[in-house]
Amino acid sequence: MQRGNLFFKQLIALGIIFSSLITTFGQTRRATAKPTSQPVSTKQSVPKCAGGWSGVVSFKKTLKDSLDSDEPGIRKNIDRIKHKDSRDYQYNATAVIDSSTNPQNPTVNAKVNFTDDDKKWGEERVFDTCNSRENGHWFIIEGTDNRFTEAKATGSARDFYLSVDEMSGNYSFNLRFPNATGTFKREEHVKRSGHCQPKNNEPYDRSTNESYKMDGESFSINGQKIDPNSPDKLSGSKSWGDDGKGAVRTFVYTVTWTFTRCPQKLIITDLHFEDMKFPKWNDWQEITEQVGTIDGNLVKIKATVANLSNETKFAEITFKETYKGDKWDGAKPDYPLKDSSVSVRLEAGEVREVEILWNSQGYAWFDDGRPRLLQRIKAEAWEEYKLKDAMTKNLKISPKPIVFVPGIWTSPKILELYQNLLTLSHSYGWKAAIGKESVSSGTITVEGQTAPTKGGKSVFDKADDLTKYVESIQKSNNAWHVDMVAHSTGGLVARLYVHKQMQVLPDNYPVVKHLMMLGTPNLGIPCADSMKFNDAFDGVMTTAKEIMPDEIARFNQFVNQRKGTEFSALVGNGSSLLCASIEKSDGFVSVESAKYGVEDFALTKDSHPDLLEPIHFGEFIKPHVVTGPRGTYPLPVKSEEGGKDGRTTVGN
């Protein structure tokens, strides 16, 4: 019995020892094995911010449309029907989502502002014979129908739902704004005259002013991607609808949103840009991202700031140009834009738009002369000297169009090369505008022989044509400023345009920033009077007379205003004048004549027709128009004789 008990005790002891060895061995193996939990923990780690989603959603529904028609009536050769209609529909709404107190059921406060300005005008002209061929009259009906609707709403938004799926990396949300109330006003006026029966000439007038109610707009945004580098912030913008480029114009919808689950209560929810639509000053329009703006245009930079807290906040909103993300200059620090800081007081839950007026002069280029295809603008929100939020967006800026003004000895074939030169130097956004159909009246062959010419306008007539042409270029490119290159007698046309017709715009800059004259006879041509004996100049006798020294002396006496436009000249000095003078010239225009009144000039051995050759674009024209945002001229002007690198080249 004792031996059995002893055996049993020994067996228990061996079991305990064996169990202990197994435990120790197992612990040792697990301790030395490669951990498997760390990668899993990284993928499923809880984000730094674990609160409910708060943010701001902006919604726009717009329609801008117009119609101007003049069509035949019933009798196509006699009757006319005219219409002028315009409509400006603006629905702007903002919702502030606050989940600080209840993440599962956030508070959503919204504001709605709605206007619809619909104007119609029409005129119908009908020839009424009054049942008598001898006594016919024009029966004219003219009417206006103007309708204006406005409505506002402040209150809780409905049907807000935000779904964030971190496993798939997608999120979606929807929202319905509150109903809005306001007024509907309508004014109708009809005038009739010329009808044979007096009762049909009576006017008609009616006006209404009644209350108006509209349902709140709603939308759904689906399938948006979470930024893995910023999982605690959901932001984006989406637009749909017809912008007017298609055959049928419909409403354009735009939704912009920013959500955050961090405790930060001061955020920037939107950043966008506007410029003025030429030719109406202060007619601001939003800049299309793909189109961008033109160097020298004034730009409104607008940032929307939201206070998601329950207390008043005082913020400083700053605007900077940032190089972050740039291939070559990513390490450069941010640079403040001029007058780039705005102080703002935001009440609890308030959303406000702040803006600065920024001159884009020089921002199509870097300061070292490289083309800058995109300008990166950053808006920052600061509170008590601490950065709270920031947003960056790109703005495309193209150089000013170059308007080429040909003279009587300009070859159109040379001018055709310049658009390719501009494209290669910057982008398709840099446009060459050549007014050959409006200001050119002659040509010269490559061999230097004069070719037959037709027609002949005076310099004054051509300056009027140039005025219209410059305005058409400004309108087609939405460019408030241009650069100008003038060859031969085209320089006289350009000078007269600058002196007489060119405007200095309200931004205190002239329309033409820089005028570069290539072989312009600013003192005339001594042998111009011999042209009247040359059959080749039979059609340009007016021009031949105008470039005689006596005529040019009177021209210079009165044409002397530059209005801030910079003047430069390319001067040929490789040969003598054709009329056997020993004075240095380009074959037609003497050195003294080409550089008269211009301190900034460069010399070349090329003859008069070759001054527009592509080599002079790189050596003379481009250095004068490539200006960085600091107002520098980084590219040296090259001169073949008596010159030196720099903006001003003076020779003897």
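Of the numbered criteria (1) in contact with a helix residue (DSSP H, G or I) (Cβ under 8 Å, 6 or more places away or on another chain); (2) modelled with pLDDT under 95; (3) not polar (S, T, N, Q), the one Pro629 fails is (1).
For region 322-355, taking the residues that are among the aliphatic types (A, V, I, L, M) and in a loop (DSSP other than H, G, I, E, B), the one that is nearest to Pro371 (Cα to Cα) is identified as Ala331. Per the conditions (1) modelled with pLDDT of 85 or more; (2) in contact with a strand residue (DSSP E or B) (Cβ under 9 Å, 6 or more places away or on another chain), the sole criterion not satisfied by Asp339 is (1).
Can you say whether Thr154 is surrounded by fewer than 14 Cβ atoms within 10 Å (Cβ to Cβ), of a type in the set (Val, Ile, Thr) and closer than 30 Å to Asp65 by Cβ, as far as the supplied structure shows? Spell out the reasoning first.
Working: surrounded by fewer than 14 Cβ atoms within 10 Å (Cβ to Cβ): yes; of a type in the set (Val, Ile, Thr): yes; closer than 30 Å to Asp65 by Cβ: yes.
Yes: the conditions hold for Thr154.
Which one of these is assigned to a loop (DSSP other than H, G, I, E, B), over 19 Å from Gly55 (Cα atoms) and modelled with pLDDT of 85 or more: Phe319, Phe278? I'd like the intermediate steps shown before the answer.
Numbers: Phe319 fails: assigned to a loop (DSSP other than H, G, I, E, B).
Going through Phe319, Phe278 in turn, just one is assigned to a loop (DSSP other than H, G, I, E, B), over 19 Å from Gly55 (Cα atoms) and modelled with pLDDT of 85 or more: Phe278.
On inspection, Glu289 qualifies as under 24 Å from Gly429 (Cβ atoms), in a loop (DSSP other than H, G, I, E, B), under 15 Å from the mean Cα position of the chain (by Cα) and among the charged types (D, E, K, R).
If the requirement is being under 21 Å from Lys431 (Cβ atoms) and either at pLDDT below 95 or assigned by TED's automatic domain parsing to the domain that holds Asn282 (or both), which of these qualifies: Val498, Val512, Val493?
Details: Val498 fails: either at pLDDT below 95 or assigned by TED's automatic domain parsing to the domain that holds Asn282 (or both); Val512 fails: either at pLDDT below 95 or assigned by TED's automatic domain parsing to the domain that holds Asn282 (or both).
Only one candidate passes the filter, namely Val493.
The single condition among (1) outside any helix (DSSP H, G or I); (2) over 15 Å from the mean Cα position of the chain (by Cα); (3) at pLDDT 90 or above that Leu395 does not satisfy is (2).
Being crowded, with 20+ Cβ neighbours inside 10 Å and not polar (S, T, N, Q) is the filter here; which residues of region 487-509 pass it?
Those that are crowded, with 20+ Cβ neighbours inside 10 Å and not polar (S, T, N, Q): His487, Gly490, Gly491, Leu492, Val493, Ala494, Arg495, Leu496, Tyr497, Val498, Met502.
Looking at region 406-422 only, could you name the residues that are among the hydrophobic types (A, V, I, L, M, F, W, C) and either part of a helix (DSSP H, G or I) or buried (at least 19 other Cβ atoms within 10 Å of the Cβ) (or both)?
At the first step, the residues of region 406-422 found to be among the hydrophobic types (A, V, I, L, M, F, W, C) are 408-409, 414-415, 417, 421-422.
Once the filter is applied, which keeps residues that are among the hydrophobic types (A, V, I, L, M, F, W, C) and either part of a helix (DSSP H, G or I) or buried (at least 19 other Cβ atoms within 10 Å of the Cβ) (or both), region 406-422 yields Ile408, Trp409, Ile414, Leu415, Leu421, Leu422.
Return the residues of region 158-175 that are among the charged types (D, E, K, R), loosely packed, with under 14 Cβ neighbours inside 10 Å and in contact (Cβ under 8 Å) with a residue 24 or more places away in the chain; say none if nothing qualifies.
Step one: list which residues in region 158-175 are among the charged types (D, E, K, R), which gives 158-159, 165-166.
With loosely packed, with under 14 Cβ neighbours inside 10 Å added as a condition, the list becomes 159, 165-166.
Within region 158-175, Asp159, Glu166 meet the criteria.
Being over 17 Å from Glu321 (Cα atoms) and either in contact with a Lys or Arg (Cβ under 8 Å, 6 or more places away or on another chain) or free of Cβ contacts under 8 Å to residues at least 24 places away in the same chain (or both) narrows it down to one of Glu380, Glu350, Glu416, Glu355, so name that one. Explain how you work it out, then say what you get.
Numbers: Glu380 fails: over 17 Å from Glu321 (Cα atoms); Glu350 fails: either in contact with a Lys or Arg (Cβ under 8 Å, 6 or more places away or on another chain) or free of Cβ contacts under 8 Å to residues at least 24 places away in the same chain (or both); Glu355 fails: over 17 Å from Glu321 (Cα atoms).
Glu416 is the lone residue from the list that is over 17 Å from Glu321 (Cα atoms) and either in contact with a Lys or Arg (Cβ under 8 Å, 6 or more places away or on another chain) or free of Cβ contacts under 8 Å to residues at least 24 places away in the same chain (or both).
Quick one: count up the residues across region 183-223 that are within 30 Å of Leu162 (Cβ to Cβ), in contact with a Phe, Trp or Tyr (Cβ under 8 Å, 6 or more places away or on another chain) and of a type outside the set (Val, Ile, Thr).
6
With respect to the stated conditions, Lys84 fails to be over 30 Å from Leu175 (Cα atoms) and out of contact with any Gly (no Cβ under 9 Å at 6 or more places or on another chain). Tell me, yes or no, whether region 163-172 has at least one residue that is aromatic (Phe, Trp, Tyr) and farther than 30 Å from Ala479 by Cβ. There is at least one residue in region 163-172 that is aromatic (Phe, Trp, Tyr) and farther than 30 Å from Ala479 by Cβ.
Each row is one residue, and each column tells you yes or no for (1) crowded, with 18+ Cβ neighbours inside 10 Å; (2) assigned to a helix (DSSP H, G or I); (3) at pLDDT 90 or above.
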site	(1), (2), (3)
Gly456	yes, no, no
Ser476	no, yes, yes
Ala479	yes, no, yes
Val485	yes, no, yes
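For region 182-205, how many residues are small (Gly, Ala, Ser) and within 40 Å of the chain's Cα centre (by Cα)? Before you say what the answer is, go through the steps one by one.
As a first pass, look at region 182-205 and keep what is small (Gly, Ala, Ser): 182, 193-194.
If we keep only those that are within 40 Å of the chain's Cα centre (by Cα) as well, we get 182.
Selection size over region 182-205: 1.
If you go through region 371-388, how many residues are at pLDDT below 90 and outside any strand (DSSP E or B)? Of the residues in region 371-388, 1 are at pLDDT below 90 and outside any strand (DSSP E or B).
Taking each residue of region 263-277 that is without any contact (Cβ under 8 Å) to a residue 40 or more places away in the chain and looking for partners that are part of a strand (DSSP E or B) and among the charged types (D, E, K, R) with beta-carbon atoms closer than 7 Å, six or more apart or interchain, yields Glu274/Glu286; Glu274/Lys300; Glu274/Lys302. Looking at Gly362, Gly330, Gly349, just one residue is surrounded by 14 or more Cβ atoms within 10 Å (Cβ to Cβ) and more than 30 Å from Thr154 (Cα to Cα), and that residue is Gly362.
Being at pLDDT 90 or above and within 25 Å of Trp257 (Cβ to Cβ) is the filter here, so list the residues in region 287-305 that pass it. Once the filter is applied, which keeps residues that are at pLDDT 90 or above and within 25 Å of Trp257 (Cβ to Cβ), region 287-305 yields Ile287, Val291, Gly292, Val299, Lys300, Ile301, Lys302, Ala303, Thr304, Val305.
The values are calculated or read from the model by the stated rules, or taken from the named source; none is laboratory data. Since the model is a prediction, treat every value here as computed from it, not as a measurement. Neighbour counts run over all protein chains shown; Cβ positions are idealised from the backbone, glycine included.
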